[in-house]
Amino acid sequence: MIKRRAFLCKFVRRRPFSSCPLPLEPQTPSFSSPASQITQNEMCFSLVEQLISRGLFSSAQKVIQRLISQCSSVSEVTSAADFAVSRGMNLDLISYGCLIQKLVIYGEVLMAEALYMHCIVGKGLEPDRNLLNSMIICYCKLGKLEEAKSCFDGLIKLKFTPWVGSCNAIIKGYCVQGRILEAYGCFCEISEASHIVQDFACYNRLVDGLCQRGFLDEGVHVFDVMIERGVLQRFMCANH
């Protein structure tokens, strides 16, 4: 936990954030090295070094973005970001988006929130579709539904298509807190803005919550949308 907090603090200040920083002069794999000893990350790090040395910073950014998006653990994510920052790279909006999305996926929601507040909101950057979707899920996991709804409203206002995961997260969040009409309001906005098909559990939770509280017309509306979009049929087929 200490290392992860150090990572975020140093990242925000644009300093290397791992306890064992990478060497300033990375070792380029020799052709005599066994292929099994040359990891994909090492090859990407070497490529980034070469691109930076030639002044091709945009290309280096793209390699870092791809590297972060393919990371399979928090340690790999922090290592990739550490490498970029230690080489003097200013991560762009897409790179931040990849980084925050991975942190949310791996459950590091507090770190993702702090990174978003310092490096996106704090710098006055306008979050894109991926960042807004990631932060909806992040805030829902933290129980901060007002912040999640703010990001959700930003998506709708900009006419971005929400992710299925972010739609499910905010509706579930409201339902869990007993704010069923707010959940229904989000559902209506999602249905009007796109043809996204949410999980069966999401529809079921919403219909159940509305009907239990006496909002039968709203419950029937959700059920009708579920039928119209083939959710019930697919669920029945999957369970036979």
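Residues in segment 64-75 that are part of a helix (DSSP H, G or I) and surrounded by fewer than 20 Cβ atoms within 10 Å (Cβ to Cβ): ARG66, SER69, VAL74, SER75. In this structure, is GLY88 at pLDDT below 90 and of a type outside the set (Ser, Thr, Tyr)? Answer is yes for this residue. In the condition set (1) within 30 Å of ASN204 (Cα to Cα); (2) crowded, with 17+ Cβ neighbours inside 10 Å; (3) of a type in the set (Val, Ile, Thr), VAL164 is compliant with all but (2). Within segment 76-123, restricting attention to residues that are without any contact (Cβ under 8 Å) to a residue 40 or more places away in the chain, of a type in the set (Ser, Thr, Tyr) and under 19 Å from GLN61 (Cα atoms), which residue is surrounded by the most Cβ atoms within 10 Å (Cβ to Cβ)? Within segment 76-123, the match that is surrounded by the most Cβ atoms within 10 Å (Cβ to Cβ) is TYR116.
Taking the conditions exactly as written (of a type in the set (Lys, Arg) and in contact (Cβ under 8 Å) with a residue 12 or more places away in the chain), does ARG66 satisfy them or not? It is true that ARG66 is of a type in the set (Lys, Arg) and in contact (Cβ under 8 Å) with a residue 12 or more places away in the chain. Taking segment 137-154 as the range and being farther than 15 Å from CYS98 by Cα and surrounded by 23 or more Cβ atoms within 10 Å (Cβ to Cβ) as the test, the residues that pass are TYR139, CYS140, ALA148, CYS151, PHE152. Within segment 179-228, the set of residues being more than 19 Å from ILE156 (Cβ to Cβ), touching a residue at least 12 places away in the same chain (Cβ under 8 Å), surrounded by fewer than 17 Cβ atoms within 10 Å (Cβ to Cβ) and of a type in the set (D, E, K, R) comprises ASP199, ARG213. Just name the residue that is modelled with the highest pLDDT out of those in segment 25-42 that are surrounded by 14 or more Cβ atoms within 10 Å (Cβ to Cβ) and outside any loop (DSSP other than H, G, I, E, B). The residue in question is GLU42.
The values are calculated or read from the model by the stated rules, or taken from the named source; none is laboratory data. If you're wondering where the values come from, they're calculated on a predicted model, not measured in any experiment. Note: ideal-geometry Cβ built from the backbone for every residue, glycine included; neighbour counts use all protein chains shown.
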